[in-house]
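Right, one structure below, let's go through it.
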Amino acid sequence: MNANRTTFNNFIIIGTALVLSLISNFSVSANSTLDTTYRKNPGMQSPNGPYRPQKPMPMQLIYTRLDLQFDWQRQRVPATAILQFKPHFYPQNSISIDAKGFEIKSVYLLKDQSDLGEASSKDIDRKKANKLKYQYDSRKLTVDLGKTYTRKDTIAIWIDYIAKPNELPRNQPNDHPTDKGLYFINADGMEEGKPRQIWTQGETEASSCWFPTLDAPNQKFTHDIYLTVDSTYKTLSNGILVESEPAKDGQRTDHWRQSIPHAPYLAMVAVGDFAVAKDLMPNGMELSYYVEPQYAADAHAIFGRTPAMIAFFTNIFGMPFPWEKYAQIAVRDFVAGAMENTTATVHEEGVQNDTRSLVDGNSDGVIAHELAHHWFGDYVTAEEWGQLPLNESFANYSEYLWAEYREGRDQADWINLQETNQYMAEAETKKVPMIRYFYKNPDDLFDSHSYAKGGRILHMLRSYVGDDAFFESLKLYLQNNALGTAEIGNLRMAFEKVTGEDLNWFFDQWFFRPGHPNLAVSQEYIPASKTLQLTVQQLQDTLASTVYRIPVAIDVWVAGKKQRHEVLLERANQTFSFTAAEKPNLVLFDPEATLLASIDHRKDRQEMIFQYQHADRFLPKYQAIAQLEGQLADTTVRNVLVKAMTDPFWKIRQMAIANFAEYDRADFAAIEKIVQSRARIDAHPQVRSEAIITLSTYGDNNSDQIFREALTDSSYQVVSIALDKYLLNRPDDADEIALQFENSPNDAIVTSVGNYYAGLAQPERYEWFLEKMKRMKPTEKYNFLQVFGKYLLKSKPDIQRQSIPVLEGLARNNPAYFVRFGAYQALGLLTDIPGVTAIRKDIRAKESEPKLKEMYEQFSAF
């Protein structure tokens, strides 16, 4: 965004926005060849990896009971598990259980399977029958059941084990090098300012790192989980809290019951010191929000739109929320942005903000995403990871749906554009089908194809069939596959059943073919015949992908009046003719901006002016403003951009204001006055921020008072940018102002103060930088490392040497890999000091996170 044009002088380091986009877009370029040959010949090896059908199901998991304790000192989980299962169809005399890195003590057959969820430990001891023989290779527990059972039989076994998540055997097939399943946070309590917590993350196949299970998405089971913890802690797990009972030595045992079956990767537990706020749905269902105690008063501001989201999704999906409760919890050092564990979503700590911070934007997108998974993913689950778009595409598109409902179509279309750009960036180096039967590791599937591209495909499908048919089809899909699993064919058949139309062409080209259309659109008006000819070429590699069948609208404005034409692209080169009494003012291809494609349709300045003035959707107006950038010498363009500074939608206003940076024409005073007005009165903080950035480029002192006034703005973002710009000019009261804000609760403001202090490079500020960095959230810590690097670059050698072990520790051990990357970059500013180059080389060599290893390869110069 333009508001991120704030830069720190003389500090050469990759900016946060770029790094975070690279984090999401880095991936090894995949072979774009379709895997049809390999699907027909499963014994052959595809360049993309082995063939991955849904996992065989000789045994069907029915139920699990877990009794868990936690050894904080050794970061282990002494536990017992009861697994109840039955042969799926064929008789079985053994079972192979996923159990990664455990110490297995004993395995018994249970002779009595009644009341397993309620039985005491003594009752369970009496239920034990035969001690079973087993083999264990640190990943698979293979149990000899002692006899052959049929599908009419139900078997229950009891396992005594210790889970050792920090001692997992690595370098195994399909193993993610950093996934542990269960995480102890600040286990010894030695990290100042960080709470002690335990939480789990099971996707894709890491639940078997903390309990024995059949770790596959096509298994569904219910469970009871007993958590014995210090009585000062709160716990959370799936389902309902059945009871809490005192235990010995100041502990408490909480019993959580998940009574509706779900997949193993969706099981979760969390333990820690949390404040809990609650809401009730009209039907009495409880919603709860777990936050760190300092955010107790802000919990409803953070999560409080969840009831409205549930009501909205219930309405459009045609099905009530299908679970018995819904909780959300924010934890430290989470290894994913958020995770849709059934009835208990886990969020990373960045979701926690004080109420004032939410003026600058909330986390509704991710909250809506994880909530929507409770229909698409949890209720109906992709049968195998290669079918992941059935989970993630719907959750991604639900972000659009919620924004459209809550904030309007323009905001939703802005989200749509960002998601499109994210996919397009990834597609430059990675072109794979959406549905992947061949892959090397399931974690590779969590990319911008499964998320961003999938959401845009659903948007096109909605546009093609219409809203009524789209949502009726979703309802049928959910009903037909309720509490089960699905593959992409199930979705297609639901749409075909509702619409009465064969949609194989749509699903084939969008879900089974890599890439996207690359369209060149050209036009010619022929006065003699009063004809507009529009030629559309499909320039993508049609051998690797396909010639797309694309229903598309074309709007033609003649004499200021619009006429819409519906056409069908189905050849590599097509020309369409339309009657036009005179040369059109504008031809707008795909005016609703629904098509996922690269579209090159060149237009002159007058056409773009007309497009901004007459288009009624966000994207055409956005494109017009973007193309008019840098043309302020033209009076008409200038007038259009001045008008755009008051456009109804904030993003257009922001873009228009950015065009007037470093403006130096005769009407400068009038333009400056307009920008100053936007800085003061605009309703959106992004626009006020952009106006302040633009004013800072003018080099006069006319706006210093505006910067000073903005220090009391309701938006932390506006304050941080105004503070940065105000202090940049070193006014007489700079030290006083910096002191006033240096302990702000907002990290962006502290970073602006840090930028000022970095320019002064005072040795006594070194400890201030370290202290502030300790408590920052990961994203803000990355930002702060930039200004800390600037401070070090200007500091004396003794300060630089002091910083090396600090930066090395962050680069090696921080849980957030982009923070590790930021610290590694900051070390790169100190390579004149002996030993630093060797430290950086060793950091690179020992890094285990695949994304960060790739970033080191891409940016070895930093």
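Please treat every number below as a calculation from the coordinates, not as lab data. Just so it is clear, the model here is predicted, and its values are computed rather than measured. Cβ: placed from backbone, ideal geometry, glycine included. Neighbour counts: every protein chain shown.
Some observations on this one:
- Relative compactness, the stretch 266-320, computed as alpha-carbon Rg over 2.2 N^0.38 Å: 1.31
- Taking every alpha-carbon pair under 8 Å whose residues sit at least 6 apart, the stretch 56-272 reaches a relative contact order of 24 percent.
- When every Cα-Cα distance of the stretch 56-272 is counted in 5 angstrom steps from zero, the calculated P(r) takes the values 1, 7, 15, 20, 21, 17, 10, 5, 2, 1, 0, 0 percent.
- Which listed pairs, of Lys164/Lys278; Lys453/Lys475; Lys430/Lys774; Lys621/Lys777, have C-alpha distances above 26 Å, in listed order: Lys164/Lys278; Lys430/Lys774; Lys621/Lys777
- Relative contact order (percent, whole number), the stretch 550-631, Cα cutoff 8 Å, 6+ residue spacing: 26 percent
- Converting the Cα gyration tensor eigenvalues of the stretch 101-223 into ellipsoid dimensions via √(5λ) gives semi-axes, longest first, of 30, 19, 14 Å.
- Protection-proxy order for peptides 740-748, 539-547, each taking the mean of Cβ atoms within 10 Å per residue, highest first: 740-748, 539-547
- Counting only Cα atoms, the stretch 648-726 measures 34, 29, 16 Å along its principal axes, largest extent leading.
- The stretch 518-595: equivalent-ellipsoid semi-axes (sqrt of 5 x gyration tensor eigenvalues, Cα, Å): 25, 14, 9
- Relative contact order (%) - the chain, alpha-carbon pairs under 8 angstrom, separation at least six: 10 percent
- Ignoring aspartates and glutamates fewer than eight residues from Lys651 along the same chain, the ones with Cα atoms less than 16 angstrom from its Cα are Asp360, Glu404, Glu407, Asp410, Asp413, Glu419, Asp616, Glu629, Asp682, Glu690.
- The stretch 461-586, Rg to Rh (Cα coordinates; Rh as Kirkwood inverse mean 1/r): 1.10
- Contour minus Cα-Cα distance for Asn743 and Arg406 (0.36 nm per residue): 117.8 nm
- Cα centroid separation - the stretch 165-193 against the stretch 629-670, whole Å: 52 Å
- Cα centroid of the stretch 341-381 to Cα centroid of the stretch 815-847, whole Å: 33 Å
- Cα gyration tensor shape of the stretch 602-708, rounded if a/c is under 1.5, else prolate or oblate by comparing a/b with b/c: oblate
- The convex hull drawn around the Cα atoms of the stretch 558-661, when projected onto a plane and averaged over every direction, covers 7.7 nm².
- If you model the chain as an ellipsoid using its alpha carbon gyration tensor, with each semi-axis the square root of five times an eigenvalue, the axes come out at 48, 38, 25 Å, biggest first.
- Links that overshoot a 23 Å alpha carbon limit, given the list Lys105/Lys234; Lys100/Lys234; Lys180/Lys325; Lys86/Lys127: Lys105/Lys234; Lys100/Lys234; Lys180/Lys325
- With the helix formula -39500 (n - 2.57) applied to DSSP H stretches of n ≥ 4, the chain reaches a computed 222 nm mean residue ellipticity of -11000 deg cm²/dmol.
- Shape analysis of the stretch 196-264 yields a ratio of the Cα radius of gyration to the Kirkwood radius, Rg/Rh, of 1.01.
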